[in-house]
């Protein structure tokens, strides 16, 4: 089986750029001009240390090693995968070119580039088992994906059901304390994504209450374009009056969904549209030109807001998503 590599920007920020430009890329802009086929790992590490003398040795070695692997170990014909935390989607493609230096993309974190033929089909994270999710969960810019996870990714792309591998779930993490914050965030998102629609609506309302608002939650089937109304007084008389729509389903919301939501809003309303499946680019454009202030939350936004305000949430919200605090040296 061909090797597969995870390549990602910080917080998945390069997902769309990778797809649109048909590339996978890494940063390290100062090191990129020197990273060429045949340049040794030790030589590259020494160059990086000279270029960035203020960095700790561990950071220098880790950075230079990832750049070296991207240029020398990732081969034409290998598979690559990247991840969008906002939409919880993986994109899989095949490497079709050697590493190239693109200084014009350096500011975007794409100084070193490999041409990639991306598949049209995206893979939802929820279609994978726990072991594979964990294997793909590291926040390293570049790492090789274990063979078991590679096999499952291809099976999932074919639409075949995942066979749980509970015994392997924890073993798939090389260092259970590495990337602990990012791992925790993704695992909480996995848990929240499994909620039914009613609990998701109650969770969003609970987060808003923890932020200092009082909420009115519409009963199922009677929202008339608003699932939650949040305001300082709880009646919607005092400003800001935030009207909230909650969509908990797979698939992105499009521009027509945003237009429909905005169509029933008063000029003094504030809008919050929650879509756990994310938003299309057209939906983002529609929101940017909305006549009222409109915030758009993906599942990533929901979970980050929950974590930030968890201590202030009420008992009902904690029941929906029970979490415990982990203390770790700063």
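The numbers here are math on the coordinates, done by the rules we state, and not lab data. A quick note: this is a predicted structure, and the numbers were derived from the prediction, not measured. Please note: Cβ atoms are built from the backbone with ideal geometry, for glycine as well, and neighbour counts cover all protein chains shown.
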*Provide the FRET efficiency to the nearest 0.05 for the residue 235-residue 291 pair, computing r from the beta carbons and using R0 = 22 Å.*
0.40
_Per-peptide average of other Cβ atoms within 10 Å, ordering 311-319, 18-26 highest first_ = 18-26, 311-319
*Just grab the label-to-label distance for residue 311 and residue 197, each label 7 Å out from Cα along the Cβ direction, in nm (one decimal).*
3.6 nm
*Go through 82-95, 204-217 and give me the packing order, highest mean Cβ count within 10 Å leading.*
82-95, 204-217
_Cα-based Rg / Dmax (Å) for the chain_ = 22.1, 69
*By how many degrees, 0 to 90 and rounded to 10, does the Cα axis of helix 41-51 deviate from the longest principal axis of the chain?*
60 degrees
*Work out the FRET efficiency for residue 250 and residue 49 from their Cβ-Cβ distance, taking R0 = 51 Å, and round it to the nearest 0.05.*
0.65
*Which distance in Å, rounded to a whole number, links the C-alpha centroids of segment 94-138 and segment 259-287?*
29 Å
*With the Cα gyration tensor of segment 33-155 giving a ≥ b ≥ c as the square roots of its eigenvalues, does the rule (a/c under 1.5 for rounded; else a/b larger than b/c for prolate; else oblate) give rounded, prolate or oblate?*
prolate
*Going by the alpha-carbon gyration tensor, a ≥ b ≥ c the square roots of its eigenvalues, is segment 189-285 rounded (a/c under 1.5) or, if a/c is not under 1.5, prolate (a/b greater than b/c) versus oblate?*
oblate
*Rounded, prolate or oblate (a/c below 1.5 giving rounded, otherwise prolate when a/b exceeds b/c) for segment 234-320 by Cα gyration tensor*: oblate
*asked:* Using helices alone, I'd like the mean residue ellipticity at 222 nm for the chain: each DSSP H run of four-plus residues gives -39500 (n - 2.57), total over residue count, nearest 500.
replied: -9500 deg cm²/dmol
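Only counting other Cβ atoms within 10 Å, I'd like 269, 233 sorted with the fewest neighbours first.
Fewest-to-most Cβ neighbours within 10 Å comes out as 233, 269.
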*asked:* Just to verify a number: FRET efficiency for residue 281 and residue 218, C-beta to C-beta distance, R0 = 22 Å, to 0.05?
replied: 0.15
*Antiparallel %, DSSP beta bridges [both residues in the chain], to 5*: 65 percent
*asked:* Between segment 63-89 and segment 1-31, what is the separation of their alpha carbon centroids in Å?
replied: 6 Å
*By average Cβ neighbour count within 10 Å, what is the ranking of 298-306, 185-193 from highest down?*
298-306, 185-193
*Pulled fully out, how much extra length does the chain show between residue 62 and residue 267, if you take 0.36 nm times their separation in residues and subtract their Cα-Cα distance?*
68.6 nm
